[in-house]
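Since every read-out is calculated from the coordinates, none of them should be taken as a lab result. Please read these numbers as outputs of a predicted model, since none were measured by experiment. Note that we place each Cβ from the backbone using ideal geometry, even for glycine, and neighbour counts take in every protein chain shown.
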Amino acid sequence: MLYPLLWMVASSFKPESIIFSDLSIWPPGFDFTHYEKGWTALQYSFAVFFSNSTLVAVLVVIGNTLSCSITAYAFARLKFRGQRFWFVLMLGTLMLPYHVTLIPQYVLFQRIGWVDTFLPLVVPKFLAADAFFIFLMVQFFRSIPRELDEAAVLDGCGPWRIYWKIMLPLSLPVLATTAIFSFLWTWNDFLGPLVYLNDASMYTVPLALRSFIDATGTSAWGQLFAMSVLALLPMFLFFLFFQRLIIEGVAHSGIKR
């Protein structure tokens, strides 16, 4: 499983002439030429693409954690008309492939002038568009004893204050899980930016990596591998530092107390 990844890392240091003839995972030498050339090989520096991906990923993380936690709190703790119906309808959206809604969403965003901006990639995340995270948080919120809510009500707290002062501090594992998966999926997303972004200055890292392959299918493989290694580093480090919270959040979301 690790061999293709290790081979890509090794190939980023090999001369391009031996990349496909030498299948070893240890390069003959550590030549950083591909990193130096790949960083500025495209129309814009890779610093632009990394900053674009970081901006989109950070906004998506903020949007998902806020909007999905508010929605999940309403489903898990509040009583309102049609609650069960809306919850089932929300779960039903999990069964729809992304490609089913892609065209009507594109038409909508095109008519309001959002194509070729980051808005289609970010704004839906502030409207609780990811049912998976809502369901994950609902399960977690239901595991928190209701006696805490009742005690807070006796102290004069309303729903918003209960959400902000009680539910959120107790929900760090599931919030961290949502943030981590949101970051990883957004950073690695290719289809969304491909559909909505046309200006090369707004490309995210996956789109920039695709630009190394031209219309004839030829590529600067060494530079592509070098930039791919750099593109993997944020995801790897993010997961490395927060993997404990991922496991804890998913595990607690399935516990009934």
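Things to note:
- Estimated vicinal HN-Hα couplings, Hz - region 175-189 in sequence order (Karplus 6.51, -1.76, 1.60; Gly, Pro = x): 5, 5, 4, 4, 5, 5, 5, 4, 5, 5, 5, 6, 4, 9, 6
- Residue order, fewest to most beta carbons within 10 Å, for V88, V48: V88, V48
- Listed by chain and number, the aspartates and glutamates whose alpha-carbon sits under 20 Å from that of K14, ignoring those within fewer than 8 places in the same chain, are D22, D31, E36.
- Region 105-142 and region 162-179 have Cα centres spaced 20 Å apart.
- Taking E36, E16 and counting other C-beta atoms within 10 Å, the order from fewest to most: E36, E16
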